[in-house]
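Just below is one structure, and these are the notes that go with it.
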Amino acid sequence: QVQLVESGGGLVQAGGSLRLSCAASRSIFSINSMGWYRQAPGKQRELVAVIASGESTAYLDSVKGRFTISRVNATNTVALQMNSLKPEDTAVYYCNSVPAVNYWGQGTQVTVSS
């Protein structure tokens, strides 16, 4: 059974921090790289951060140095530590494999106020 459950979002002031967590089913988690995506109102979903099974990482230029992705293979979880948040980081955040499977969780809302 496919499962992706995101949590940890909220409302934070600019400059603040949030830590997102994702519980994934083993069928997704064990296949390949995992990533965090986000979708802001009126915009297309974009890939923010990727972590490979070997734990190498890559980031969208606009979040480099502020976001850190990590994974715990034993529990099929992926986290995204977000620091120095900006209003333009406001979006619904989703986790999925990279490339994404044709299933999305409910996401978690991140709102950064100026």
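The set of residues from segment 61-76 being farther than 13 Å from residue 50 by Cβ and in contact with a helix residue (DSSP H, G or I) (Cβ under 8 Å, 6 or more places away or on another chain) comprises 62, 73, 76.
Candidates are the residues of segment 1-45 that are outside any loop (DSSP other than H, G, I, E, B) and hydroxyl-bearing (Ser, Thr, Tyr); the one that is nearest to residue 70 (Cα to Cα) is 21.
Residues of segment 1-22 being over 16 Å from residue 109 (Cα atoms) and at pLDDT 95 or above, which ones?
The first filter runs over segment 1-22 and keeps only residues over 16 Å from residue 109 (Cα atoms), leaving 1-3, 15.
Passing the criteria: only 15.
Filter segment 61-114 down to the residues that are assigned to a helix (DSSP H, G or I) and closer than 12 Å to residue 18 by Cβ and list them by number.
Listed by number, the list holds a single entry, 89.
Residues checked against (1) closer than 21 Å to residue 114 by Cβ; (2) touching a Leu at 6+ places or on another chain (Cβ under 8 Å); (3) open to solvent by 70 Å² or more (accessible area, probe 1.4 Å); (4) free of Cβ contacts under 8 Å to residues at least 24 places away in the same chain:
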{"position": "11", "(1), (2), (3), (4)": "yes, no, yes, no"}
{"position": "45", "(1), (2), (3), (4)": "no, no, yes, no"}
{"position": "55", "(1), (2), (3), (4)": "no, no, yes, yes"}
{"position": "83", "(1), (2), (3), (4)": "yes, no, no, no"}
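The values are calculated or read from the model by the stated rules, or taken from the named source; none is laboratory data. All values derive from a computational prediction rather than experimental measurement. Here the Cβ is made from the backbone with ideal geometry for all residues, glycine too, and neighbour counts use every protein chain on show. All accessible areas refer to the heavy atoms of the entire protein, side chains included, with ligands and DNA or RNA removed. Shrake-Rupley method; radii C 1.70, N 1.55, O 1.52, S 1.80 Å.
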